[in-house]
Amino acid sequence: MNKVSKASVLAGAVMIGGMTLSGAAFAGVSVGVNIGVPAPVYVAPAPVYAPPPPPVVYAPPPPPVYAQPVIVVGWHGDRYWDGRRYWDRDDYYRYHGHGHGNGHAYGHDKGNHGWH
């Protein structure tokens, strides 16, 4: 048995030596062993489809409100407003005949109504 053992050891050594000397013998053979936890895998979330937002509608601005001017008939400083024009104090008294100038007849006899 001793001879078989020596022969098997010798045959194994020759075989291992032949394999190590020839790099072409292992060219197409690969052995891999993986032990452990697999790497995490990223999975993209499913797309969410939502309706588009409603269009933006701008309302026109409200129309401007203009206040009516206040017309005050009467004296404004040295001038009198009769609703149509301003009169100087002397012209008003002459035209309306309040004891100044030539009296009430000034301008009416000539067809002058005080408009210049």
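Each value in this text was obtained by applying a stated rule to the coordinates, not by laboratory testing. Only a predicted model underlies this, so the values are computations on that prediction, with no experimental measurement involved. Note that each Cβ is placed from the backbone with ideal geometry, even for glycine, and that neighbours are counted across all protein chains shown.
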Problem - Chain lengthening between Tyr93 and Val14 when straightened (0.36 nm per residue, less Cα-Cα) - result: 13.5 nm
Problem - Burial order of peptide ranges 39-45, 91-97, 76-82 (average beta-carbon count within 10 Å, highest first) - result: 91-97, 76-82, 39-45
